[in-house]
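One structure is given here, and the rest of the page talks about it.
The values are calculated or read from the model by the stated rules, or taken from the named source; none is laboratory data. Just so it is clear, the structure is predicted and the values come from calculations on it, not from any experiment. Every residue, glycine among them, receives a Cβ derived from its backbone with ideal geometry; neighbour counts consider all protein chains shown. For accessibility, only protein heavy atoms count, side chains too; no ligands or nucleic acids. Shrake-Rupley method; radii C 1.70, N 1.55, O 1.52, S 1.80 Å.
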Amino acid sequence: MRNIFLFIRRFFNLLLFLALEGLAIYTLYNYNKTHQAFFGGIANEVTGVVSKRYNDVEYYFQLKKTNEQLAEENKKLREMLPSSFESADTARVTYIDSLAKDTLGTRKFNFLVAKVINNSVSDENNYITLHRGAKQGVKVDMGVLGPDGIVGKVILVSDNYSRVMRLLNRKSKVSAMLKRGLYSGELEWDGKDPEYLTLHSIPKSAKVQKGDTVLTSNISEKLSFPAGLMVGRVAEIIPDASSNFYTLKVRSTTNFYTLQYVYLTENLLAIEQQQLESKTPKD
């Protein structure tokens, strides 16, 4: 206590000055609109900076939840795309009572969101492990999409996990087509550069150019992917002197290094067709 009184006595003039200065500022702030606006602006700026720093820290720890919400929202948007529906065919009558109907037609594809928990790129036969399995609706042969294009196909499913054969796999083969002219071919990987795929069997009659868009094909009802999804762009055209076909080097739009969330596609019409075929009496 004695030290406190000694401190006040020693710095009495300074403390009195600070108190009077504070009183003067308080008076100006409360009774002068100009000064009130000035000090209010400073206080607001300081508060804003502190709040932003706090929000940045909080946002960092909420990134996982934010990514999950965005992935779920993208799934819903994909389900609204016209390619996820089958238009009505007036030339035939089809009875389907188990699929959702929409003004766009019969729903053809459903989408599921899955988190990537293991991702290989450096091998000749690369795979992805997803934290979603049979208990969450995953089935073998489901197609797998990324934010920018196709990724691969499900080959193995357990209760809570699934394994995907990605496009960067020497065993992977996907039907793809040129957007210009709709010429279809077989897409595969040569095991070398993970940024490039190879599209075979494109006829030389096709007016293909560098930069042309390559999409998923529409030649089969049993495809794992909706038709018209982005695959990549033509980077090189390689003519085969011994045949009437081109081999195209395609730069993939999917960045296989940075995959965090993917979307699994389920072909509902293919399932319906299989069910009908299984019920059809055999001769």
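Summary table below
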read-out: Spin-label pair Ala134/Asp193, simplified geometry with 7 Å Cα→Cβ offset, distance in nm; value: 4.2 nm
read-out: Potential extension, Asn160-Asn3 segment - 0.36 nm per residue separation minus Cα distance; value: 49.6 nm
read-out: Full-extension gain in nm, Lys179 to Arg10, via 0.36 nm per residue minus C-alpha separation; value: 52.2 nm
read-out: Amide H partners (placed H, <5 Å) of Ala235, local residues excluded; value: Gly211, Lys249, Val250, Arg251
read-out: Heavy-atom accessible area order for Lys249, Lys179, Lys108, largest first, 1.4 Å probe; value: Lys179, Lys249, Lys108
read-out: Whole-Hz ³J(HN,Hα) from phi, Karplus 6.51 cos²θ - 1.76 cosθ + 1.60, for region 212-219, glycine and proline x; value: 5, 7, 10, 10, 5, 7, 10, 7
read-out: Peptide ranges 189-202, 133-146, 8-21, 113-126 listed from the most packed, as the mean C-beta count within 10 angstrom indicates; value: 133-146, 189-202, 113-126, 8-21
